[in-house]
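S.K.: What follows is a single structure, and I will ask about it in a moment.
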Amino acid sequence: MANILIVDDSLIMRRNLSMILKEAGHTIVGEAGNGQQAILLYRRYKPDLVTMDITMPNIDGIDALKHIMTEDPSAKVIMISALDQKAKVYTALRSGAKHYILKPLTAEKINSVIDEVLSKEPAPVDVIQKEDKIEQAFFIKNEPDLFKIIINRDLAYEDVLVLMHAIQGFLYLESFAILFDFQKFMILDEEGLSKFDGIINKIRSASGDFMIRGKNPEFIKKMTQKDEALVQSFELGEFVLE
């Protein structure tokens, strides 16, 4: 097991990563919200591994990586990247990063990459991987007082499980609001619909606010038929049809 430094400007992302890594048996030696903090904490703790978000204010992830690699060429840094940051991932790998993980994050992705990087002879990393060519089911945008979840395509049962995992960190906040923005005509199978209903119930239990925006009346109708509380939410205007 490893001593790990988590670097991300999003508190939610840091909490999610910390939860996953601790469950896998790792120790979190520190958390940094920007590149400058990352450099200072790396000097202090000399962790076995760093997870480094690419996009951060002030000193971004790539510049922080370069500083760390200059001071410690043996450093093991994994970059956390959005799907549209492929050029930056190339730059990071050329600058010494050992691997990268694409958002949305799952425990399986994270643990697989970390195990590979911590092994004595990690396999060469190719940025062009199969998962890059598949349209991501969703991505999350942090806006003032709102987490906006953009859903790009029909969700399979497995996609809803990933979505449930992605919002887990929100539930620890004192207050939060989530907008589920279904971009296309959306279909959910029965298993996926049931799981999505479970996500809404978790948000309610954590006293969070939510709104669902969609373009398919049949999709909204199907959802509200399963849950009387969702019908009430629809009547309160928490569902928006465009």
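S.K.: Using packing as a proxy for protection, rank 46-55, 10-19 so that the peptide with the highest average count of other Cβ atoms within 10 Å comes first.
M.R.: Values: 46-55: 21.8, 10-19: 19.5.
For the peptides 46-55, 10-19, the packing ranking is 46-55, 10-19.
S.K.: Another question, then. Extending each Cα 7 Å along its Cβ direction at GLU190 and ASN142, get the distance between those two points in nm, one decimal.
M.R.: Spacing of the two 7 Å Cα→Cβ label points: 4.0 nm.
S.K.: In the structure shown, do any of LYS88/LYS141; LYS98/LYS202; LYS88/LYS195; LYS22/LYS98; LYS141/LYS202; LYS66/LYS148 have a Cα-Cα gap over 29 Å, and if so which? Please report the intermediate quantities before stating the final value.
M.R.: Working: LYS88/LYS141 19 Å; LYS98/LYS202 36 Å; LYS88/LYS195 35 Å; LYS22/LYS98 21 Å; LYS141/LYS202 20 Å; LYS66/LYS148 32 Å.
Flagged as over cut-off: LYS98/LYS202; LYS88/LYS195; LYS66/LYS148.
S.K.: Please list, ordered by chain and number, the residues whose modelled amide H lies under 5 Å from the amide H of ARG213; skip anything fewer than 5 residues away on the same chain.
M.R.: The list, which skips near neighbours in sequence, is PHE180, ASP181, PHE182, VAL240.
S.K.: Over the residues of region 3-129, compute the C-alpha Rg and express it relative to 2.2 N^0.38 Å.
M.R.: Numbers: Rg = 12.9 Å, N = 127, 2.2 N^0.38 = 13.9 Å.
It is 0.93.
Throughout, read-outs are computed from the coordinates displayed, never taken from laboratory work. Just so it is clear, the structure is predicted and the values come from calculations on it, not from any experiment. FYI the Cβ positions are ideal-geometry reconstructions off the backbone, even for glycines, and counts take in every protein chain you see.
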